[in-house]
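Trainee: Encoded as structure tokens, here's the structure I'll be asking about.
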Amino acid sequence: MRTEILRVDHSSIDIGAIRRAAAVIREGGIVAFPTETVYGLGADAFNAKAVARIFEAKNRPLYDPLIVHISDRKDLPLFARDLCSTALKLTEIFWPGPLTLVFKKSGLIPDIVTAGLDTVAIRMPDDRTALKLIEEVGRPIAAPSANLFGRPSPVTAQHVLEDLDGRIDLIIDGGKTAVGVESTVMDLTQNTPSILRPGGITLETLKETVREIDISRDGNILSPGMFQLHYSPKAKVILVEGESKFQIENIKHLAHEFDLQGYAVGILAKEEHKYKYVKFKVKSLGPGDDLAACAANLFSVLREFDNNGTDIIISESVKEGGLGLAIMDRLRKASGR
Ligand code: TXA
Ligand code: MG
């Protein structure tokens, strides 16, 4: 299969390109497209065979359900049951945007999309190309992130190509995505709303709207996709936590040891600490007080280390407030914790 690439200008709507991509999806094809978080790999959510191709292209296990993307809040009741006032409030405030909500599902969504669960994850992305694409398809688009299963999510069309060239029909190249980490996944099917995956909308922001949020990671509801090893570059990732001075000392020590053993070591540091590691191959995650910049860089730098033949990435930590929660979640998973 040849993977076609369609470039679109992010500042305007390229309706010709979007209609072509929509036609491919309507005919059962699978298309990578930009969202505000990461690139998605989309299929017609009503077409079980097309959705099966997504799992195949990504090597994704069938027990890991996909997010259903819609272009209009008004369509929500078609796919979700038991909408509570909290749900409606959240969609009013945060859609379009990086918040995925899990509901009891209606009968319209095929089982393969939701991995046989009686719940469905739905989101309305905040990206003009993505919204127009869904609208032109005329049906919801089922889409996971457009990476091979377990790899860091793609924030550029180039990242999608690295993983999926020849395995998918088309890529809409809309440039680098803005947020850089995936949407926050929030479960609304239990008495207490809970965060299944921290992401683009922060816990602090959600708490201003819904006081009672459960973030206990080992609550009774789990996202089937929350595996231990995830978002992983080919290199081994070691995440060093703790007080700043300790982090730096520890990283220098580890880097020195692994270097002596002949490993190609890379260090992922906050911008302000880069100069501490001049003896090693060091990349900046971004300024420690600009977590949005760090989130936007995260998956790109992990992939850059891979492309430079790094064996071991030793990473600093960021503060866990705001977007830092999502960043640390991804780094912990990348390190296999
Ligand atoms: O930002 C995003 O959310 C991106 C863009 C493309 O929209 N999508 C994305 O999809 O990250 P994916 O498949 O890589 O991650 C979706 C997560 C998985 O961990 C999956 O297990 C979980 O959402 N999920 C999906 N449906 C669920 C459900 N019914 N119940 C619980 N978790 C669910
Ligand atoms: Mg993913």
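Throughout, read-outs are computed from the coordinates displayed, never taken from laboratory work. Please read these numbers as outputs of a predicted model, since none were measured by experiment. Cβ atoms come from the backbone with ideal geometry, glycine included; neighbour counts cover every protein chain shown.
Trainee: Amide H to amide H, which residues 5 or more places from ARG7 or on other chains are under 5 Å from it, using H placed in the peptide plane?
Mentor: ASP173
Trainee: Next question. Using only alpha carbons, build the gyration tensor for the chain and give me the equivalent ellipsoid semi-axes, biggest first, whole Å. Before the final figure, lay out the partial values.
Mentor: Details: eigenvalues 223, 111, 59 Å².
Working through the eigenvalues yields semi-axes of 33, 24, 17 Å.
Trainee: Would you mind computing, in nm to one decimal, how far apart the modelled labels at GLU241 and ASP165 are, each placed 7 Å from Cα along Cα→Cβ?
Mentor: Taking the two extended label points, one gets 3.8 nm.
Trainee: Sticking with this one: Write out the chymotrypsin sites (Phe, Trp or Tyr not before Pro) in segment 1-108 meeting two conditions: DSSP loop, and at most 11 other Cβ atoms within 10 Å of their Cβ.
Mentor: Details: sites: TYR39, PHE46, PHE55, TYR63, PHE79, PHE94, PHE103; in loops: TYR39, PHE46, TYR63.
Those satisfying the criteria are TYR63.
Trainee: Give me, ordered by chain and number, the residues 5 or more places off ASP127 or on other chains with an amide H under 5 Å from its own placed amide H.
Mentor: Here GLU36 satisfy the definition.
Trainee: Say we join alpha carbon atoms closer than 10 Å with springs in a Gaussian network model of the chain; which of GLY28, GLY16, GLY40 then has the biggest fluctuation?
Mentor: So, out of GLY28, GLY16, GLY40, the one fluctuating most is GLY16.
Trainee: Longest span of the chain, sites excluded, free of GluC sites (Glu not before Pro) in DSSP loop with at most 13 other C-beta atoms within 10 Å?
Mentor: Working: sites that count: GLU27, GLU212, GLU243.
The segment 28-211 is the longest one with no such site.
Trainee: Hey, another quick one. Taking neighbour counts of Cβ atoms within 10 Å as a proxy for exposure, in what order, fewest first, do SER85, SER315, SER284, SER106 appear?
Mentor: Arranged by neighbour count, lowest to highest, SER85, SER315, SER284, SER106 become SER85, SER106, SER284, SER315.
Trainee: Among ASP214, ASP306, ASP169, what is the fewest-to-most ranking by other Cβ atoms within 10 Å? If you can, show how the numbers build up before the last one.
Mentor: Working: ASP214 15, ASP306 18, ASP169 21.
With the sparsest Cβ surroundings first, the list reads ASP214, ASP306, ASP169.
Trainee: Binned at 5 Å from 0, what are the whole-percent values of the Cα-Cα distance distribution for segment 228-300, short to long?
Mentor: Going out from 0 Å in 5 Å bins, segment 228-300 shows 3, 15, 24, 26, 21, 9, 2, 0 percent.
Trainee: Also, I was wondering about something else. Through the Karplus equation 6.51 cos²θ - 1.76 cosθ + 1.60, θ set to phi - 60°, convert the phi angles of segment 182-187 into ³J(HN,Hα) values in whole Hz; use x for Gly and Pro.
Mentor: 6, 5, 6, 9, 10, 8
Trainee: Using amide H atoms built in the peptide plane, which far-off residues or other-chain residues are under 5 Å from LEU285 H to H?
Mentor: ALA269, LYS270, GLU271
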